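**Student:** A single structure is presented below for examination.
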Ligand code: NAD
Ligand code: UD1
């Protein structure tokens, strides 16, 4: 019998890619998603990619009795990957209570139910946002760099969630956990059957680039060219979403094979390479041969000047490494955008 893994938020962007990788590695996946930021047909597309249909429950992780019944229905779930969360930074400033409720109650429910249902461990989606702007000596950023006060309610939920997991484990709960701090996930599956589907006007850079290249948006605004960086634009560590998904499989293996050195482990998931906004736009144009209309505008409030990962711990301890080049990743993002056009979605 295959080992059962619960993936909350499994029809979302990173979740859907992770479900495919888990299936490719012999796991049986149960997706729980309330479809607040994704659609049920992602389940069909996952099946097209992997050849296996995951179980799917339309359910809100904040619904404690619904989650309890789900764990009972799918007896024997061994681990959880908890992606389900609201993730729009700007919206979280407008609707803080919605963010605190959704992102915190959902995690509390899962942690509460895990021991009762014999679930060994949890992999949690955290973010490099917990580091804020690291000082120059702390770049590239390692897991031991100091955390900084969050810039938004969204960022704060990630910090609070990390603390909730640590406190729960410290209290003697039998579970273990791996907290993955993602840098900037971009791109789509090479099949172009799953990818990121932003709601309305994209806030993130790569969907805005691909929509501008497609002619859906007139022009990309580059937020600032007066930062203290070589070309003046901000620097980030852009990581391929399939590479990121694969790290979750390694984390699950590690929990199930009891290879953890500590009951709460933290890993940065990035490439180790910082790229500026202008470099990313230029690379996209070179790879696709399509021009991206852009203009420089003022800085975006709350933006961090530069952050990129030191992924040595993930490379050495997990044995995981980001493999895809930026060129391959941007090509996959463009193929996904073209597929959305073909389907008349965007
Ligand atoms: P996404 O919005 O595409 O996926 C999240 C999924 O969770 C969606 O399908 C949504 O419908 C679902 N969901 C939300 N609240 C739920 C609830 N209460 N119950 C059940 N389902 C619920 O987002 P994503 O980009 O795939 O992000 C996944 C996780 O990774 C999130 O926790 C996010 O904060 C974190 N993260 C994302 C990024 C990024 O750049 N995408 C960076 C760092 C961390
Ligand atoms: C943001 C969040 C981060 C969250 C992540 C995923 C902030 C400060 N950080 O990361 O917490 O985990 O999204 O949702 O909001 N840019 C442009 N023009 C655009 C869009 C972006 O120039 O139209 C620039 C930004 O200024 C930034 C870079 O592109 O320098 C990347 O931006 P984005 O994709 O939004 O990600 P982050 O801001 O790094």
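The values are calculated or read from the model by the stated rules, or taken from the named source; none is laboratory data. Bear in mind the structure is a predicted one, so any value in this text is a computation, not a measurement. Note: ideal-geometry Cβ built from the backbone for every residue, glycine included; neighbour counts use all protein chains shown.
**Student:** Looking for something over 17 Å from residue 139 (Cα atoms), in contact with a strand residue (DSSP E or B) (Cβ under 6 Å, 6 or more places away or on another chain), modelled with pLDDT of 95 or more and crowded, with 17+ Cβ neighbours inside 10 Å - is there at least one such residue anywhere in the range 254-261?
**Tutor:** Checked the range 254-261: at least one residue is over 17 Å from residue 139 (Cα atoms), in contact with a strand residue (DSSP E or B) (Cβ under 6 Å, 6 or more places away or on another chain), modelled with pLDDT of 95 or more and crowded, with 17+ Cβ neighbours inside 10 Å.
**Student:** Scanning the range 114-138 for residues that are farther than 25 Å from residue 15 by Cα and out of contact with any strand residue (DSSP E or B) (no Cβ under 7 Å at 6 or more places or on another chain), which turns out farthest from ligand 2 (Cβ to nearest atom)?
**Tutor:** Checking each candidate, the answer is 137.
**Student:** Determine whether the range 23-46 contains at least one residue that is assigned to a helix (DSSP H, G or I), touching a strand residue (DSSP E or B) at 6+ places or on another chain (Cβ under 9 Å) and surrounded by fewer than 23 Cβ atoms within 10 Å (Cβ to Cβ).
**Tutor:** Looking through the range 23-46, at least one residue is assigned to a helix (DSSP H, G or I), touching a strand residue (DSSP E or B) at 6+ places or on another chain (Cβ under 9 Å) and surrounded by fewer than 23 Cβ atoms within 10 Å (Cβ to Cβ).
**Student:** A further question on this structure: Which one of these is touching a residue at least 24 places away in the same chain (Cβ under 8 Å) and within 12 Å of ligand 1 (Cβ to nearest atom): 105, 119, 49, 93?
**Tutor:** Exactly one residue qualifies, and that residue is 105.
**Student:** For the range 81-156, which helices (runs of 4 or more DSSP H) that fit wholly inside it have 1 or more residues that are under 21 Å from the mean Cα position of the chain (by Cα) and more than 28 Å from residue 300 (Cβ to Cβ)?
**Tutor:** Per the criteria, 106-116.
**Student:** Something else now. Looking only at the range 218-254, how many residues end up being within 9 Å of ligand 2 (Cβ to nearest atom) and touching a helix residue (DSSP H, G or I) at 6+ places or on another chain (Cβ under 6 Å)?
**Tutor:** 4
**Student:** As an exercise: evaluate residue 198 against (1) modelled with pLDDT under 95; (2) more than 30 Å from residue 51 (Cβ to Cβ); (3) touching a helix residue (DSSP H, G or I) at 6+ places or on another chain (Cβ under 6 Å) and give the number of the one condition it does not meet.
**Tutor:** (2)
**Student:** Going by the conditions given, is residue 186 touching a residue at least 40 places away in the same chain (Cβ under 8 Å), within 13 Å of ligand 1 (Cβ to nearest atom) and more than 18 Å from residue 15 (Cβ to Cβ)?
**Tutor:** no
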